[in-house]
1. Quick one: check the C-alpha center-to-center distance for the stretch 64-134 versus the stretch 25-50, whole angstrom.
2. What FRET efficiency comes out for Asp192 versus Leu20 if R0 is 22 angstrom and r is the Cβ-Cβ distance? Round to the nearest 0.05.
3. So for the stretch 1-69, what percent of the C-alpha to C-alpha distances run longer than 17 Å?
4. Only Cα pairs under 8 Å and at least 6 apart count here; give the relative contact order of the stretch 64-134 as a rounded whole percent.
5. Loop-only check: which trypsin sites (Lys or Arg not before Pro) in the stretch 12-72 are DSSP coil with at most 14 other Cβ within 10 angstrom?
6. With the crude spin-label approximation of a point 7 Å out along Cα→Cβ, what separation in nm comes out for Asp126 versus Ala72?
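Since every read-out is calculated from the coordinates, none of them should be taken as a lab result. Please read all numbers here as calculations on a predicted model, not as lab measurements. Here the Cβ is made from the backbone with ideal geometry for all residues, glycine too, and neighbour counts use every protein chain on show.
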Amino acid sequence: MSESLAPLHETLARIAEQGLALDTKELSRRTGISSVEDIQTLLAGKELADGDVDVRIRERLRLLCSRRLAKASKDHNDKDAVNALVRDIASSIGVSTVWARHLVFGEKTPSMKHGHRLTDYFGEPDGFLTETPAAALNRALQPYLQTEKKAEADLDDPLADLKERFGLVGVARRGEPLSREEAKRLAGLLADVLEQNMEDQS
């Protein structure tokens, strides 16, 4: 996914221009970068060492396992919880429980095939385990930009408020696209009709 995105510095520039509020803890969760300080370093436009990819994969995998255990208020010290996770992973990705245990504790690097299955298992996007910190952050920032794009589109669409007020899925019409002024007049007309219809039904 990240291959088709603009470079991180361009994404950061757009974030800065739009003054978007960022949640560093949420970004840490989405990226697999456990250190919030590292997230802040990247957000400041500074670089982090990419490091060894195998180490990165093992660390992120252990982090995903820790989060899965934490959902049940468990950790890597709880033998029963770890054993259950090991069995589930082994069954899901097609490896032995011995190998799965190494993966859970971040002691072994999964093959590409098993890495793909693991990202599916944990509900993470492709590349989550292998992305460089910069690429991971760039991907994680995209929903912020999409939200901003939607807000901008809604501001430019006079019919957006109409759809929200009356719970409309959309407003379909034929012919040439409307100018902004024409769309505003149409929205006003439709609002009058819909309000009158609601009054008649009450």
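1. Between the Cα centre of the stretch 64-134 and that of the stretch 25-50, the gap is 22 Å.
2. 0.05
3. 53 percent
4. Numbers: 49 pairs, mean separation 14.6, N = 71.
Reported as a whole number, the value is 21 percent.
5. The qualifying sites are Lys46, Lys71.
6. So the label points at Asp126 and Ala72 sit 3.1 nm apart.
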